[in-house]
Amino acid sequence: MIALPERRTQQILFFDADDTLWENNIYFERAIASFISYLDHREHTPEEVREHLNHCERRTIAAYGYGLRSFRQSLVTCFEQLSSAPVTAERHARIVSFAQSIADQEIELMPAVAETLADLASRHQLLMVTKGDPTEQRDKLERSGLAPHFSAVEVLYEKHESAYRVLVEGHGCEPARTWMIGNSPRSDINPALAAGLNAVFIPHDFTWVLEHETVDQAAPGQILLELPTFADLSSHF
Ligand SMILES: [Mg+2]
């Protein structure tokens with residue numbers, strides 16, 4: 001007989017949003033695929049164009065932060081730098097439409113998220129901790145219908161170790177009872193562990209390439225769980 005994991009009581013659970021609560025990166029991947037075929041480069045392969053777009057995105061994000069406006073800017077910059085054709089008003093409109101297709105998406109929750117969050121909220125304190133454009137992220141939360149489960153919503157500029165420390169301090173969280181739950185090793189798991197929190201890694205098959213990183217080990221006294229699905233949270237918390 002397999003022993004069930006012991007459920008912890010009264011924990012503080014921080015939830016990532018994009019690709020943890022709802023789909024996000026798949027829409028970007030589709031938009032990027034459309035952009036690459038529109039660019040239709042004669043010399044660079046699609047992989048090379050993608051590589052250059054990643055480079056443009058890193059630079060835009062460093063200057064303007066995450067969000068659709070940055071993504072739109074990255075597409076325009078990438079086109080300007082790789083195409084011999086000028087960015088006419090018509091081409092600009094076309095490029096912008098690839099980013100707009102993402103904004104027009106309905107919120108698509110990951111499997112079992114609605115019922116699992118409702119269950120967890122009955123026993124624990126839940127906070128949403130995401131990064132990106134605050135207006136875009138809060139709008140997605142509203143449309144998701146999940147807002148009532150969270151006691152607080154934090155949209156950070158970047159999810160690094162010091163941001164987690166400020167968050168824990170600001171909300172008076174006890175690190176030993178606090179968990180960061182998400183799909184990104186780079187933004188959710190590693191910096192939260194570095195800040196002394198516990199973490200739950202729920203991998204997503206299509207995590208954004210800029211979020212890839214090797215998952216760190218938990219230090220003694222901290223716990224890192226890796227769960228295959230969101231619904232598995234209910235067995236541990
Ligand atoms: Mg995420």
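The values are calculated or read from the model by the stated rules, or taken from the named source; none is laboratory data. None of the values given here were measured: they were computed from a predicted structure. Please note: Cβ atoms are built from the backbone with ideal geometry, for glycine as well, and neighbour counts cover all protein chains shown.
Okay, here's what the table says:
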| quantity | calculated |
| --- | --- |
| Output for region 82-97, where each listed residue is assigned to a helix (DSSP H, G or I) and out of contact with any Leu (no Cβ under 6 Å at 6 or more places or on another chain) | L82, A89, E90, R91, H92, A93, R94, V96, S97 |
| V96 vs. criteria surrounded by 17 or more Cβ atoms within 10 Å (Cβ to Cβ) and touching a helix residue (DSSP H, G or I) at 6+ places or on another chain (Cβ under 8 Å) | no |
| Condition check for S74: buried (at least 17 other Cβ atoms within 10 Å of the Cβ), small (G, A, S) and either free of Cβ contacts under 8 Å to residues at least 40 places away in the same chain or not in a helix (DSSP H, G or I) (or both) | yes |
| Any pair with Cβ under 6 angstrom, 6 or more apart, that starts in region 122-137 at a residue that is at negative phi and without any contact (Cβ under 8 Å) to a residue 60 or more places away in the chain and ends at one that is of a type in the set (A, V, I, L, M, F, W, C) and more than 11 Å from the ligand (Cβ to nearest atom) | P134/V155 |
| Matching residues in region 49-73 - criterion: being modelled with pLDDT of 95 or more and in contact with a Leu (Cβ under 9 Å, 6 or more places away or on another chain) | V49, H52, L53, N54, C56, E57, R58 |
| A63 being buried (at least 16 other Cβ atoms within 10 Å of the Cβ), outside any loop (DSSP other than H, G, I, E, B) and more than 16 Å from the ligand (Cβ to nearest atom) | no |
| Where a residue in region 186-199 is closer than 11 Å to P175 by Cβ and its partner, wherever it lies, is basic (K, R) and more than 16 Å from the ligand (Cβ to nearest atom), with Cβ under 9 Å and at least six apart | A195/R165; G196/R165; N198/R177 |
| Hits in region 28-58 (condition: away from the ligand (no atom under 16 Å from the Cβ), among the charged types (D, E, K, R) and not in a loop (DSSP other than H, G, I, E, B)) | R30, E47, E48, R50, E51, R58 |
| Conditions (1) within 18 Å of S187 (Cβ to Cβ); (2) more than 16 Å from the ligand (Cβ to nearest atom); (3) of a type in the set (S, T, N, Q): number failed by N25 | (2) |
| Residues located in region 109-123, provided they are buried (at least 18 other Cβ atoms within 10 Å of the Cβ) and in contact with a Ser or Thr (Cβ under 8 Å, 6 or more places away or on another chain) | M110, T116, L120 |
| Residue identified as of a type outside the set (A, V, I, L, M) and in contact with a His (Cβ under 8 Å, 6 or more places away or on another chain) among F206, F230, F237, F150 | F237 |
| Selection from region 54-65 of residues that are closer than 18 Å to G132 by Cβ and in contact with a helix residue (DSSP H, G or I) (Cβ under 9 Å, 6 or more places away or on another chain) | N54, C56, E57, R58, R59, T60, I61, A63, Y64 |
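Yes/no matrix, rows are residues, columns are (1) in contact (Cβ under 8 Å) with a residue 40 or more places away in the chain; (2) closer than 21 Å to P185 by Cβ:
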site	(1), (2)
Q10	yes, no
F15	yes, yes
D19	yes, yes
D40	no, no
H44	no, no
V49	no, no
Y66	yes, yes
R69	yes, no
